[in-house]
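Okay, structure first, notes after.
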Amino acid sequence: MARAAVVGAGMTKFGVHDKPLQELFAEAALTALEDAGVAPPEIEAFYFGNAMGGQTENDTHLGPKLATHVGMAGIPVQRFEDACATSSNAFKNAVEAVEGGHHDVVLVGGVERCTPKTGKDTAEMTRIFGSASHRQYEQPTGLTFPGVFALFTKRHMHEHGTTERHLAEVAVKNHGNGSLNEKAHFGKSTSVEEVLDSPVVADPFRLMDCCPFSDGASAVVVVSDDLADSYDAAVDVAGVGHGTDIVPLADKETPHVTIAARNAASEAYEQADTTADAIDFAEVHDCFTGAEVLASEALGLVADGEGGPAAADGTTARDGEIPINASGGLKAKGHPIGATGTGQIVELTQQIRGDAGTHQLDGVERGAAHNLGGDAATTIVTVMEGR
Ligand code: COA
């Protein structure tokens with residue numbers, strides 16, 4: 001018996017958009033509803049993710065506005081904010097609500113605009129993103145998120161001998177994958193040389209090791225296990241684990257190990273009655289190339305210390321033993337914060353159904369999504385499988 005099922009999925013292209021927030025969201029939500037064959041009045045509740053609208057849009061009460069915009073006015077709406085793990089947390093709560101019998105058919109979605117179309121440049125957006133770090137101990141030092149993940153990665157390099165070339169191989173793989181995905185922010189491949197020649201952002205990360213600022217939206221329709229068989233293409237939600245870790249990062253004993261991800265993965269695998277070995281593919285939170293290395297190890301998809309070599313030797317390639325970020329990941333598909341978590345759920349749903357179009361993987365039945373927020377402080381891991 002599954003905890004719940006996803007019966008409809010939709011997303012905008014991630015990238016640079018001229019549309020206001022509600023129109024971006026509507027594009028994803030109405031696609032998900034149409035995919036499920038569900039009309040807006042059939043949705044019983046809306047679980048919504050947006051991390052930074054207060055700072056980026058001067059818009060702090062988006063839930064009912066977006067529900068109204070897509071024809072769902074009047075239903076219960078809850079907004080979630082968990083830095084980059086925002087809409088995964090909305091998804092987790094939606095799964096619990098249908099599993100607990102509170103609702104049978106719900107919409108989960110996220111939207112965010114992070115590009116200069118908001119009127120905010122890279123410096124201002126970096127400051128806004130930085131508000132997810134520790135207010136007293138980290139923000140006053142000027143620590144940014146490229147800096148946070150550079151510190152984690154430096155420690156990993158020290159412990160395991162991971163190299164800048166290994167990191168570059170992650171970027172090459174994910175840009176190659178993104179070039180096959182029409183919804184990806186970046187449609188171009190790159191090379192190790194191009195990555196290693198790009199300007200340093202936060203040592204060891206260069207421009208090509210970083211995810212971009214993106215605009216975008218994503219949404220899924222979640223139904224109870226009992227109802228799932230009455231939909232055409234249901235994909236089961238077998239497990240959703242949720243862990244948090246110490247903030248500030250200076251107090252973490254093993255910053256390269258990402259404890260929250262390990263705890264979330266164990267919980268998700270236990271619920272799904274599965275193990276890392278039985279996962280066919282994964283979407284992990286590669287906001288920076290080093291973050292993919294840490295995540296693939298934390299989920300047990302590769303051994304500790306092997307995350308870098310796994311990208312270099314093809315283990316995590318589309319046709320490798322365990323394809324990671326076949327969508328292009330945050331690195332190339334893009335990272336519109338509040339839309340990223342449900343964007344990964346859209347990807348898992350489409351891959352398992354065999355609906356991923358030009359970037360479809362061969363024969364995948366069970367996938368994992370890993371979405372983190374802040375100083376790897378919140379992590380949600382989801383396991384989905386064919387029904
Ligand atoms: N990867 C690859 N190319 C990128 C890129 C990225 N992350 N960001 C920008 N580019 C490209 C642009 O397309 C542009 O190419 P063009 O000249 O061919 O048009 C060029 O690089 C310059 O773009 P620009 O927007 O001026 O870059 P920038 O210097 O303002 O910003 C970063 C680059 C890496 C600093 C910025 O994208 C960043 O901070 N990313 C991390 C975001 C983040 O922290 N997210 C949260 C994670 S937890």
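The values are calculated or read from the model by the stated rules, or taken from the named source; none is laboratory data. As the structure is a computational prediction, the values presented were derived from the model and not from experiment. Glycine also receives a Cβ, built like all others from the backbone with ideal geometry; neighbour counts cover every protein chain displayed. Ligands, DNA and RNA are stripped out before the accessible areas are found, and what is left, the full protein with its side chains, is counted by its heavy atoms. Shrake-Rupley method; radii C 1.70, N 1.55, O 1.52, S 1.80 Å.
Here are a few things to note about the model shown:
- Unit charges on C-beta of K, R, D, E only; dipole of segment 16-66, Debye: 180 debye
- Our summary gives the chain a relative contact order of 26 percent, counting only alpha carbon pairs under 8 angstrom and 6 or more residues apart.
- Ile259, Ile128, reordered so the largest accessible area comes first (probe 1.4 Å): Ile259, Ile128
- Toward the positive end of the charge dipole of segment 134-293, with +1 on the Cβ of Lys and Arg and -1 on the Cβ of Asp and Glu, the farthest Cα among Gln271, Pro199, Gly176 is that of Pro199.
- Under 5 Å between amide hydrogens, built in the peptide plane, is the criterion, and for Gly239 it picks out Val383 among residues at least 5 positions away or on other chains.
- Of all DSSP beta bridges in the chain, antiparallel share, percent nearest 5: 75 percent
- Solvent-accessible surface of segment 231-387, taken per residue with a 1.4 Å probe and all protein chains present: 29 Å².
- Dipole magnitude for segment 152-225: about 40 debye, using +1 per Lys or Arg Cβ and -1 per Asp or Glu Cβ, origin at the Cα centre.
- For the chain, the longest site-free run once GluC sites (Glu not before Pro) in DSSP loop states with at most 15 other Cβ atoms within 10 Å are removed: 1-181
- Partners of Lys183 within straight-line reach, counting aspartates and glutamates whose Cα lies under 14 Å from its Cα and excluding those fewer than 8 residues away in the same chain: Glu27, Asp215, Glu347, Asp355.
- All lysines inside 26 Å of Lys252 as judged from Cα atoms, apart from same-chain residues fewer than 8 positions distant: Lys92, Lys154, Lys331
- Carbon/sulfur fraction of accessible area - the chain, other protein chains in place, 1.4 Å, %: 47 percent
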